[in-house]
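For reference, the structure is listed below as structure tokens.
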């Protein structure tokens, strides 16, 4: 059984050269966490696992990694960030996608792609749900200015902001599964989840022709 890395209880920011320390420093100064800064944290945490499994940076997926598997398929995984970007009131989110194709290429006609929620069950998904509930539980909708652009484009049928996640959000296997963050501590915890997801799925698709972990 794959041993999962523990979720850290606290973070030490004394070493300001680490990616998570840099993102903390930038967040405190500008209130922003860009996807490229978050990816630096993920890259740092994923390096040992990628090296062990033989994954290298993808040339087609800017936030991804690839290698050929035993079935002559290119196994790729990458982080897909929310198109809305980061907002200091709503935070942001990302998902992890996996693909098997004939080559390291996006939208290849001979490719099969799935997001991590479709490939997981049990403990890791439960940890994702706990993480998301913790992040979403800190958001304060009443603090959002009435003239916030996201509220202006709110769905007229629901009068809800498209960025605002459900307070009782729990992935049930039907919707896309996303991982939320709004503070640097959330990114640090999310990086642990990313490693756990990659640690579980990546080795299993090394011998498959299709993304079906049941076989």
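Each reported figure results from applying straightforward, stated rules to the coordinates on display, with no laboratory input. What you see is a predicted model, and the numbers here were worked out from it, not measured in a lab. A quick note on method: Cβ atoms are made from the backbone with ideal geometry, for glycine too, and the neighbour counts reach across all protein chains shown.
Which value in nm describes the separation of the simple spin-label points at residue 52 and residue 83, placed 7 Å from the Cα toward the beta carbon?
Modelled inter-label distance: 3.7 nm.
Which order do 200, 77 fall in if you start with the one that has the fewest other Cβ atoms within 10 Å?
So the ranking, lowest neighbour count to highest, is 200, 77.
Listing 33, 68 from the residue with the fewest other Cβ atoms within 10 Å to the one with the most, what is the order?
Ranked by crowding around the Cβ, least crowded first: 68, 33.
Subtracting the Cα-Cα distance from 0.36 nm times the residue separation, let me have the gained length for residue 183 to residue 206 in nm, one decimal.
Answer, rounded to one decimal: 4.9 nm.
Based on other C-beta atoms within 10 Å, arrange 121, 74 from fewest to most.
So the residues, fewest neighbours to most, are 121, 74.
Mind listing the Cα extents of the range 79-136 along all three principal axes, in Å, largest one first?
40, 29, 11
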